[in-house]
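Here the structure comes first, spelled out in structure tokens, and everything after it is commentary.
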Amino acid sequence: MTIMMNALKERIRRKELYIVVVVAVIILALFGSDAATISVEGEAVIGFQSMFRVLHVVVNVTGCLLAMILSLPTIPTEYREKRSHLVWIRGISQVKYHTQLTAANIVSSALAVTILYLTLAFYAITQGAAGYLPAMLPGLLITYMGIAIVSLLISVLSICLPSFAVGLIGSICIVAGIGHGLLDSYKNIIGGFSGTLIKWILWIFPDLNGIQGQAANVIIGDGVDVHVLLKGLLTLYIISLGLLLFRKKEA
Amino acid sequence: MKIYRILYGALGAALLAGAFFTGDYGLSDENIKIYEDALALQEQVDELGFEQFNLNEYKVRFYDGNVDYVVKGNDVNKEEAVFTTFVGTTYKIDGEYQVILPTVENFAEMYKLLGTAGSLAEGEVNFTEDEYGSAEHIAALWHEAAHAYQMTYYQDEILSLIEGKVSVENIEDVIVSAVDSNEDVVKLYQKQMGILNKAYITTDLSEKKAYIESYLEMETERRELLDEEACAVEDYYEAAEGTARYIESHVYRFQEGQEAFEREYTNETEYQKGSGKYYSMGMLKCCLLDELNPGWKDNYDFSVTLTELLEAL
């Protein structure tokens with residue numbers, strides 16, 4: 001627990017977290033005001049529910065990026081700065097050490113998303129839709145799932161791969177995860193080798209947009225697809241196995 | 001420690017089971033209903049007059065993005081996809097022509113992605129995303145089944161319209177290069193579209209015939225501007241796709257009524273590049289032939305062009 005708390009404090013101290021959160025808040029404030037309009041398929045998005053869904057996607061994308069930025073350096077930095085030796089001499093196992101560092105990554109990412117969610121809550125209040133606020137808590141919990149997937153994947157991969165490779169895989173995960181539905185349809189339009197490649201990418205990387213969509217559904221009051229949520233949890237479980245399987249040679 | 005491992009393993013097993021049992025597998029009920037509803041229209045399609053045209057003769061493959069669900073009668077079998085892309089077509093598989101369509105869910109997804117039905121609907125389906133549903137999918141299914149029928153019974157006849165006359169593999173290229181790029185041809189065609197629409201709309205028989213005569217005169221004039229290859233491709237598209245669109249549109253009418261039929265199918269006034277325009281013109285000619293020569297489909301084998309049938313009135 002001490003390892004996690006220390007790691008967590010350091011994550012929160014990082015400047016990039018604040019910068020990204022500030023940028024996201026500005027984007028949300030712009031979209032949520034009359035200062036900017038957005039359009040989908042050539043039609044302006046109007047009405048609270050439509051706009052809320054768009055903002056929810058923005059929150060999710062920002063959260064996923066944050067999760068990657070925060071999680072990527074954690075474990076490699078621990079080893080590079082030889083902090084790991086202080087842990088080994090206390091007889092703490094690699095699994096426990098990596099698990100606590102990963103937990104710190106996930107919690108710090110979740111904190112950032114919570115801040116973004118507060119902006120969403122503020123938007124709801126200003127739009128006279130405070131009635132949606134109670135449902136934002138379960139919505140936030142579901143959103144955590146997608147963020148946790150990214151953070152966990154990055155953390156696990158950073159145990160055994162160099163940072164640039166982890167960053168690349170993480171970026172593909174986010175792009176494929178956010179554009180899952182779109183890419184799924186696109187693969188069937190283009191077909192051929194590219195279609196097959198996209199099919200495999202979609203098979204490997206989880207449907208992050210599907211998960212955030214369920215969170216938005218919970219808040220707005222639309223039906224929730226339990227299958228998507230269970231698949232998300234299963235994905236978390238499968239990636240978590242990496243914490244048991246992957247070891248650093250140094251130890 | 002052992003108990004934690006057991007609990008961890010049990011959690012994984014529970015999640016796996018949960019994800020598995022909550023998933024949707026197989027062909028959705030909506031697609032099965034679409035197939036059954038399409039079959040139920042057989043008697044009404046019989047009245048259109050195409051001999052031996054039975055939907056239940058052809059297997060229908062619904063492509064769900066991963067595999068084909070092959071439906072015939074009450075049987076639904078999962079098979080490897082023939083095309084790993086969204087297409088609406090008929091294709092010879094194991095010696096028989098089968099209908100291939102995306103599932104209705106995937107079709108709707110494609111609309112969302114492209115704003116139209118994209119390459120699948122190259123002139124075939126003219127609905128917007130909001131309009132597309134079961135009735136439209138049933139109509140599309142019959143459209144492709146019409147091609148399966150043409151290729152099963154009249155392949156030689158229908159291909160005789162272009163065989164030996166067309167030198168390129170993709171016949172649509174002929175339309176793009178010889179028809180769409182010729183301004184005079186396009187202008188005349190646009191006029192012809194308007195005239196044929198008027199012929200369809202008017203209820204005065206002599207007026208109808210006069211419009212058709214005017215159309216045919218312009219057709220002769222327009223064809224003089226085209227080479228033999230382009231004329232052959234036009235004839236082929238009208239015979240193959242025009243009749244298929246005719247069947248599709250009437251299947252739509254059986255389901256949605258005359259008003260919806262006229263709104264969606266007989267208001268085509270914009271010139272479409274590529275082959276799409278021949279779907280509409282061919283269909284309109286079939287409708288006019290119905291009015292002026294109801295027996296035109298008796299022994300019709302697709303070797304005679306629709307324009308020739310109009311000329312014979």
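Quick look at the numbers
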read-out: Residue that is surrounded by the fewest Cβ atoms within 10 Å (Cβ to Cβ), among those in the range A:74-96 that are under 20 Å from A:L236 (Cα atoms) and touching a Lys or Arg at 6+ places or on another chain (Cβ under 9 Å); value: A:V95
read-out: Check on B:K273, surrounded by fewer than 18 Cβ atoms within 10 Å (Cβ to Cβ) and within 26 Å of B:I171 (Cβ to Cβ); value: yes
read-out: Some residue of the range A:170-179 being under 30 Å from B:D64 (Cβ atoms), surrounded by fewer than 17 Cβ atoms within 10 Å (Cβ to Cβ) and of a type in the set (A, V, I, L, M, F, W, C); value: yes
read-out: Selection count, the range B:91-101, where residues are buried (at least 21 other Cβ atoms within 10 Å of the Cβ) and more than 14 Å from chain A (Cβ to nearest Cβ); value: 3
read-out: Top-ranked residue of the range B:71-90 - restricted to ones that are free of Cβ contacts under 8 Å to residues at least 12 places away in the same chain and not in a loop (DSSP other than H, G, I, E, B), ranked as nearest to the other protein chains (Cβ to nearest Cβ); value: B:N77
read-out: Residue that is nearest to the other protein chains (Cβ to nearest Cβ) [pool: residues in the range B:43-70 that are loosely packed, with under 14 Cβ neighbours inside 10 Å and in a helix (DSSP H, G or I)]; value: B:N56
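Laboratory data are not the source of any read-out in this text; all were calculated from the coordinates shown. Values in this document were obtained by computation on a predicted structure and should not be read as measured data. Positions of Cβ are backbone-derived with ideal geometry, glycine not excepted, and every protein chain shown enters the neighbour counts.
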